[in-house]
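*Asks:* First the structure, then my questions, so here it is.
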Amino acid sequence: MITEKIADSLQNTFGYEDIIEIGPGQGVLTKYLLLRKEKLQLVEADRDMVGVLEHNFPEISDSITLKDVLKVDFSELTKGKSFGLIGNYPYNISSQIIFKMIDNKHLIPEMVGMFQKEVAERIVAAPGSKTYGVVSVLTQAWYTGKLLFTVAPGNFNPPPKVQSAVIRLTRKE
């Protein structure tokens, strides 16, 4: 299953104790993240989805933050501890999430996420390539990126009009 593969892509070679999942929706990825040893925290902007998450995962209902991720203070959420960042990121704010991650690079040694394929390719693009640009430069100044796999529209219900791709970013020393 794609969501299990995404959850397994977070390698945690850095020894962090927390994971923050952005935009868990109904918890399709969440159920696999709960199988991991790290403490899971969820950031969801949709009040209805928070209700679904609280119903489906009552054991972590106190770890759900109802807020726009772009307004979340990660340092406050994790009490200043490092964490892994993961999610099926909302495509309309995915670049802004990357910039927020870079702003919090001291806390985020690793990120795994599903993006619109073109955005994912831009983030991990090699210097000199056609897709290399501002988001590539800024991200790669602090992180090493790898495109892990693509996800066809047929894997979603309803299927989007775009292809998706999953990337992993690991902070440079």
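The values are calculated or read from the model by the stated rules, or taken from the named source; none is laboratory data. Remember, predicted model here, so these are calculated numbers, not experimental data. No Cβ is skipped: glycine too gets one built from the backbone with ideal geometry, and neighbour counts run over all protein chains shown. Accessible surface areas use protein heavy atoms only, side chains included; no ligands, DNA or RNA. Shrake-Rupley method; radii C 1.70, N 1.55, O 1.52, S 1.80 Å.
*Asks:* Between Arg47 and Glu173, what FRET efficiency comes out of the Förster formula 1/(1 + (r/R0)^6) with R0 = 35 Å and r the beta carbon distance, rounded to 0.05?
*Replies:* Values: r = 40 Å, r/R0 = 1.15.
For Glu173 and Arg47, the calculated efficiency is 0.30.
*Asks:* Here's something else I'd like to know. Assign unit charges at the C-beta atoms only (+1 for Lys and Arg, -1 for Asp and Glu), then state the dipole size of the chain relative to its Cα centre in Debye, rounded to the nearest 20. Walk me through the intermediate numbers first.
*Replies:* On the way: 20 positive and 20 negative charges, 124 e Å.
Approximately 600 debye in magnitude.
*Asks:* Of the accessible area of the stretch 1-43, with the probe set at 1.4 angstrom, what percent is carbon plus sulfur? If you can, show how the numbers build up before the last one.
*Replies:* On the way: 970 of 1990 Å².
On the stretch 1-43, the fraction of accessible area on carbon and sulfur atoms equals 48 percent.
*Asks:* What is the distance in Å between the Cα centroid of the stretch 3-48 and that of the stretch 68-125?
*Replies:* The stretch 3-48 and the stretch 68-125 have Cα centres spaced 13 Å from each other.
*Asks:* Can you send over the carbon and sulfur percentage of the accessible area for the stretch 54-168, probe radius 1.4 Å, protein chains only? The partial results should precede the final answer.
*Replies:* Details: 3080 of 5870 Å².
About 52 percent, which is the carbon plus sulfur part of the accessible surface.
*Asks:* What are the residues whose amide H is under 5 Å from the amide H of Phe149, where those residues sit 5 or more places off or on another chain and H is modelled from the backbone?
*Replies:* Val166
*Asks:* Go through the stretch 4-74 and name the chymotrypsin sites (Phe, Trp or Tyr not before Pro) that are in a DSSP coil and have 15 or fewer other Cβ atoms within 10 Å of their Cβ.
*Replies:* Working: sites: Phe14, Tyr16, Tyr32, Phe74; in loops: Phe14, Tyr16.
Those that pass, being in a loop and sparsely packed, are Phe14.
*Asks:* Got a sec to turn the phi values of the stretch 117-128 into Karplus ³J(HN,Hα) couplings, 6.51 cos²θ - 1.76 cosθ + 1.60 with θ = phi - 60°, whole Hz, x for Gly and Pro?
*Replies:* Whole-Hz 3J(HN,Hα) from phi for the stretch 117-128: 3, 5, 5, 4, 5, 5, 4, 9, 4, 7, x, x.
*Asks:* Lys/Arg Cβ at +1, Asp/Glu Cβ at -1, dipole of the chain taken about the Cα centre: which of Val28, Ile86, Trp142 is farthest positive-ward?
*Replies:* So the residue we want is Trp142.
*Asks:* If eta is 1.002 mPa s and T is 20 °C, what Stokes-Einstein diffusion coefficient results for the stretch 37-102, Kirkwood Rh from Cα pairs, in µm²/s?
*Replies:* Working: Rh = 12.9 Å.
Taking Rh from Cα pairs, D becomes 166 µm²/s.
*Asks:* So how far apart, in nm, are the two label points at Tyr132 and Val162 if each is 7 Å from Cα heading toward Cβ?
*Replies:* For Tyr132 paired with Val162, the spin-label model returns 2.3 nm.
*Asks:* Have a look at the stretch 61-173 and give its Rg and Dmax from the Cα atoms, expressed in angstrom.
*Replies:* 14.4, 46
*Asks:* Something else: How many Å² of accessible area per residue for the stretch 36-160, probe 1.4 Å? Provide the component values of the computation, followed by the final result.
*Replies:* On the way: 6470 Å² over 125 residues.
The answer is 52 Å² per residue.
*Asks:* Among Leu77, Leu40, Leu147, determine the one that fluctuates most according to a GNM of the chain built with springs between C-alpha atoms less than 10 Å apart.
*Replies:* Result for the chain, Cα springs under 10 Å: Leu77 fluctuates most.
*Asks:* Suppose a student asked you for the relative contact order of the stretch 1-125, using Cα pairs under 8 Å spaced at least 6 residues apart; what percent would you report? Don't skip to the answer; put the middle values down first.
*Replies:* Numbers: 181 pairs, mean separation 34.9, N = 125.
Result for the stretch 1-125 is 28 percent.
*Asks:* Related question: Given Leu10, Ile108, Val162, which one lies farthest toward the positive end of the charge dipole of the chain, if we put +1 on the Cβ of every Lys and Arg and -1 on the Cβ of every Asp and Glu?
*Replies:* Going by the Cα projections, it comes out as Val162.
*Asks:* From the helices alone, meaning DSSP H stretches of at least four residues, give me the mean residue ellipticity at 222 nm for the chain, per-run term -39500 (n - 2.57), in deg cm²/dmol to the nearest 500. Write out the running numbers ahead of the final one.
*Replies:* On the way: 7 runs with 52 residues, N = 173.
The helix contribution divided over the chain gives -8000 deg cm²/dmol.
*Asks:* Let me ask something else. Enumerate the calculated ³J(HN,Hα) couplings along the stretch 35-46 in order (Karplus 6.51 cos²θ - 1.76 cosθ + 1.60, θ = phi - 60°), each rounded to whole Hz, writing x wherever the residue is Gly or Pro.
*Replies:* 7, 7, 7, 6, 6, 9, 10, 10, 10, 10, 8, 9
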